[in-house]
Amino acid sequence: MKGNAKMVTRGFSGRRPPAGDARIPPGQHLEHGFPVLSAGPTPRIRTEDWSFTLKHGPRPIKKWSWAEFSALPMTKMTRDIHCVTSWTKFDTPWQGVLVDDILADAGVEPPTAFTLAHSFDGYSTNVPTKDLVVGKAMVALLYEGKPITADHGGPARLLVPHLYFWKSAKWVNGLQFTERDEPGFWELRGYHIYGDPWREQRYTNDP
Amino acid sequence: MSEPTAPQSPWQTATIARILRRTPRVVSFFLQPLQPFAYRAGQHIDVKLTAPDGYEARRSYSIASAPEAGEQVEVAIERLDDGEVSPFFHDVAAVGDEIEVRGPLGGHFVWPEGDQGPILLVGGGSGVVPLASMARHRAALSSKVPVVLVYSARTWDEVVFRDELIELDRRGDGFSLALALTREGARRPADHSRRIDLAMVAQSIAYFPSPPGVAFVCGSNAFVTAASQAMIDAGVPARIIRTERYGV
Ligand SMILES: Cc1cc2nc3c(=O)[nH]c(=O)nc-3n(C[C@H](O)[C@H](O)[C@H](O)COP(=O)(O)OP(=O)(O)OC[C@H]3O[C@@H](n4cnc5c(N)ncnc54)[C@H](O)[C@@H]3O)c2cc1C
């Protein structure tokens, strides 16, 4: 492919997405179900065994049990989500604790510009700290008003809806501030370091 | 971190060089990319179809061919009757057509480099595709690593790559195939006529000289969830299980 000329596929007309295309990022299509994607089997984490740790590098800042965490201020967030496998789902309703409120409870300002989110299954994903604060992201505990099911990342998943959905780490158990932008699990395996769906940053080094 | 390097696997044009029906619902397309690329068994490509008005549809397809197979990349596409892209491939695409592709993609669901012990492969329906690439790769390498492929299909006629997989099994060099037919009786002694369950996984891994070092599961989300649970119940550690979910 040279330049920006689009190659038309012979005989393809496509199934038109319904109204609201301006909400569908390039290369995405509208999905009404809620497909499940993950690198391994679904871990089943009991809330008794759940905890959430905030760290600065190797140093823990604060750790919450399930009871402590779910007592933090809860916020509702209804957002469109965009999976790198090309589906977009409109108006997904979540409830959880804003990263701002987690930091406030710990009594800290973000100490570095980069963050790694960690999960119970060993998965991690990196997100610039500025993409997590000022109301942009939360640790979600409820989906459609009900506890998030294990296959969708329950008991708690990170929600960073403005980035491709692999950044919204399932089974999240901590945020770690890092000095550098350290690639996480998928970012080390060919996926983009930032993952903006509107710029189609799917794979490593997409502009 | 963001060094100013070229995008990984940029979009390019590939020509459909050959079309081969595999089963009533699965057809293989052999794609000749303008810029041939190396890949690892288990990786996938993305394809992009563009309508005259600029509307685009994009989907992922696992690579079925072995990395050693030459420049043409085989994908095997199952027809979902009410789908957008798979019926296009089945009903419209013809030899000589150009399709936009990018690949190889994916760095987790890939045949391990170096010896990691026996390998368990579990596939459902078209989820066998990347596992077939792995089986072909193993054969091309003359690798002796013990591999069991447990493959669930509805019927004998819907077993994609059936004759080839049975032939690989017959070689007796450490690759074995167990078919789980869910709507028909078993035909080979190693086969079953039920869904994949704990007992079936246990029987398959008992064949290994040592516990599996890596396990791959691929298919629909429901299949992957059920099969990986059966594997965990049979004692396969969750941390060695790698999954590829085809979505709905
Ligand atoms: C990494 C990866 C590898 C893959 N490898 C393969 C492979 O090797 N072979 C293969 O055949 N497939 C593979 N897939 C699946 C493939 O990418 C496509 O999802 C598949 O071909 C279906 O695409 P489609 O456009 O035909 O169907 P779609 O139009 O995407 O529809 C898919 C299904 O969703 C349902 N659906 C569609 N729209 C709606 C709606 N609005 N509401 C409710 N339900 C709806 C349809 O009924 C249909 O059954 C892979 C997927 C991934 C992620």
Reduced Cα scattering model of region B:12-105, Debye log10 I(q)/I(0), q = 0.14 Å⁻¹ = -0.46
key: Inter-chain shielding of A:34-47 (mean C-beta neighbours from other protein chains, 10 Å cut-off)   = 5
request  = Using only alpha carbons, build the gyration tensor for region B:31-172 and give me the equivalent ellipsoid semi-axes, biggest first, whole Å.
outcome  = 28, 18, 13
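Quick check on packing: order A:174-180, B:124-130, B:91-97 by the mean number of other C-beta atoms within 10 Å, highest mean leading. The partial results should precede the final answer.
Details: A:174-180: 18.0, B:124-130: 26.7, B:91-97: 12.9.
Ranked from most to least packed, the peptides come out as B:124-130, A:174-180, B:91-97.
If the convex hull of the alpha-carbon atoms of region A:91-207 is projected onto planes in all directions, what is the mean projected area in square nanometres? Don't skip to the end; give the middle numbers.
Numbers: hull surface 29.0 nm².
Mean shadow area of the hull around the Cα atoms is 7.2 nm².
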key: Computed over region A:153-207, Kirkwood Rh from alpha-carbon pairs, angstrom   = 12.0 Å
ask   = How high is the relative contact order of chain B, in percent, counting Cα pairs under 8 Å that sit 6 or more residues apart?
value = 18 percent
ask   = Using θ = phi - 60° and the Karplus form 6.51 cos²θ - 1.76 cosθ + 1.60, what ³J(HN,Hα) does each residue of region B:203-209 get, whole Hz, x for Gly and Pro?
value = 4, 5, 7, 5, 6, 6, x
task = Measure off 7 Å from each Cα along the Cα-to-Cβ vector at B:Asp82 and B:Arg195, then give the distance between these two points in nanometres to one decimal.
result = 2.1 nm
message = Once each part is reduced to its C-alpha centroid, what is the distance from region B:188-247 to region B:31-56 in angstrom?
response = 30 Å
note = Bounding extents of the protein assembly as shown in its principal axis frame from Cα atoms, largest first in Å, are 65, 55, 39
key: Ratio of the Cα radius of gyration of region A:35-92 to 2.2 N^0.38 Å, where N counts its residues   = 1.53
query = Shielding of B:76-85 by partners, i.e. mean partner chain Cβ atoms within 10 Å per residue?
reply = 1
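Tell me, what is the percent relative contact order of region B:119-246, built from C-alpha pairs under 8 Å that lie six or more residues apart?
Working: 226 pairs, mean separation 36.1, N = 128.
Here the relative contact order equals 28 percent.
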message = Let me check I've understood the local charge: for A:Leu141, count other residues with C-beta under 14 angstrom from its C-beta, Lys and Arg +1, Asp and Glu -1. What total comes out?
response = +1
query = Per residue of B:219-231, what is the mean number of Cβ atoms on other protein chains within 10 angstrom of that residue's Cβ?
reply = 2
task = Step through the residues of region B:17-24 one at a time and calculate ³J(HN,Hα) from phi using the Karplus curve (6.51 cos²θ - 1.76 cosθ + 1.60, θ = phi - 60°), rounding each to whole Hz and writing x for Gly and Pro.
result = 8, 7, 10, 9, 6, 9, 8, x
ask   = Hey, got the Cα dimensions of region B:106-159 along the principal axes, in Å, largest first?
value = 35, 24, 18
message = Using only the Cα atoms of region A:132-178, what are the Rg and Dmax in Å?
response = 10.5, 33
inquiry  = Principal axis extents for region A:1-134, Cα atoms only, whole Å, descending order, please.
reply    = 58, 33, 29
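Explain nothing, just the number: relative contact order of chain A, from Cα pairs under 8 Å at least 6 residues apart, as a whole percent.
Numbers: 403 pairs, mean separation 44.4, N = 207.
Contact order relative to length: 21 percent.
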query = Can you tell me the Rg and Dmax of region B:156-248, counting just the alpha carbons, in angstroms?
reply = 13.5, 36
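Which net charge results when you count Lys and Arg as +1 and Asp and Glu as -1 among the other residues whose beta-carbon is under 13 Å from that of A:Val36?
On the way: positive: A:Lys89, A:Arg157, A:Lys170, B:Arg245; negative: A:Glu31, A:Asp151, B:Glu244.
That sum, taken over residues with Cβ under 13 Å, equals +1.
Once the Cα gyration tensor of region B:95-246 is found, what semi-axes does its equivalent ellipsoid get, as square roots of 5 times the eigenvalues, in whole Å, sorted largest first? Let's see the in-between values first.
Working: eigenvalues 95, 73, 58 Å².
Each semi-axis is √(5λ); the values are 22, 19, 17 Å.
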message = Need one number: nm distance between label points at A:Lys63 and B:Glu68, each 7 Å from Cα along Cα→Cβ, rounded to one decimal.
response = 5.0 nm
note = If each part is reduced to its alpha-carbon centroid, region A:139-207 and region A:43-115 end up apart, in Å, by 11 Å
Rg/Rh for region A:75-138, where both radii come from Cα atoms and Rh is the Kirkwood radius = 1.00
ask   = Quick one: net charge of A:Arg79's neighbours, Cβ under 12 Å, K/R +1, D/E -1?
value = +2
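Since every read-out is calculated from the coordinates, none of them should be taken as a lab result. Here the structure is a predicted model, which is why all the values come from computation and not from measurement. Quick reminder, even Gly has a Cβ in these numbers, built from the backbone with ideal geometry, and neighbours come from all protein chains shown.
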